[in-house]
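Undergrad: There's a structure below that I have some questions on.
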Amino acid sequence: MKSITIGLVGTDWKVAASARYYAERGSGEELAFGMTPTEALARLEQREAAINTNLAQESADEIAFLALGAADALRDCRDADLSKFGGYMGFIGEVIRCAPLLTARWSQMQTGEFGGVWLYDVTERFGREWAEEILNGTREDPSERLEYIIADEMEKWS
């Protein structure tokens, strides 16, 4: 995750007269301005949220259950250092980035093929296990973990 810099707007910056501070992601990829550091940061986050609409609405359930699983994993690892992810929200973000993978895989399942409840049995479990893998510095492909969980859960329900 790229760092955020917040600083005073210089006299040579041609921005709105009301801007005294800037917030910048990385090295100038995204900039936002405000009267206070907090306002500049909030505007940067709003801009990024508007740009990052790659998680479709149909992934909302997947996102929620992935986050539940990840939060569950963190309860078991209270001493986990999340600074390399930018904190708690960055860590949860790493886990929920897999939502499109789970949504796509669910859409490939045939009606009646999976006897359990996808969101509880697969998505939440994946969120928990993938969070543990990320904390351990895994090099595993998330799709491999997903396929393992699906096979294991299908065996339980057959």
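Undergrad: List the number of the failed condition for Leu119; all other conditions in (1) within 16 Å of Gly69 (Cα to Cα); (2) in a loop (DSSP other than H, G, I, E, B) hold.
TA: (2)
Undergrad: Next question. So, of the residues in the stretch 65-114 that are of a type in the set (Phe, Trp, Tyr) and at pLDDT 85 or above, which turns out to be surrounded by the fewest Cβ atoms within 10 Å (Cβ to Cβ)? It would help to see each step written out before you state the result.
TA: Just the residues of the stretch 65-114 that are of a type in the set (Phe, Trp, Tyr), to begin with: 65, 85, 88, 91, 106, 114.
From what is left, the residues that are at pLDDT 85 or above are 65, 88, 91, 106.
Values: Phe65: 24, Tyr88: 13, Phe91: 24, Trp106: 17.
Taking the candidates together, the pick is Tyr88.
Undergrad: A follow-up question, please. Take Glu24 and decide whether it is closer than 30 Å to Ile134 by Cα, in a helix (DSSP H, G or I) and modelled with pLDDT of 70 or more. Quick ask: steps written out before the conclusion?
TA: Details: closer than 30 Å to Ile134 by Cα: yes; in a helix (DSSP H, G or I): no; modelled with pLDDT of 70 or more: yes.
Against the criterion (closer than 30 Å to Ile134 by Cα, in a helix (DSSP H, G or I) and modelled with pLDDT of 70 or more), Glu24 does not qualify.
Undergrad: Kindly indicate whether any position in the stretch 37-46 is at pLDDT 70 or above and either in the same structural domain as Ser143 (by TED's automatic domain parsing) or not in a helix (DSSP H, G or I) (or both).
TA: To start, the set of residues in the stretch 37-46 that are at pLDDT 70 or above comprises 37-46.
When the remaining residues are screened for being either in the same structural domain as Ser143 (by TED's automatic domain parsing) or not in a helix (DSSP H, G or I) (or both), the result is none.
No, the stretch 37-46 contains no residue that is at pLDDT 70 or above and either in the same structural domain as Ser143 (by TED's automatic domain parsing) or not in a helix (DSSP H, G or I) (or both).
The values are calculated or read from the model by the stated rules, or taken from the named source; none is laboratory data. Please read these numbers as outputs of a predicted model, since none were measured by experiment. Note that each Cβ is placed from the backbone with ideal geometry, even for glycine, and that neighbours are counted across all protein chains shown.
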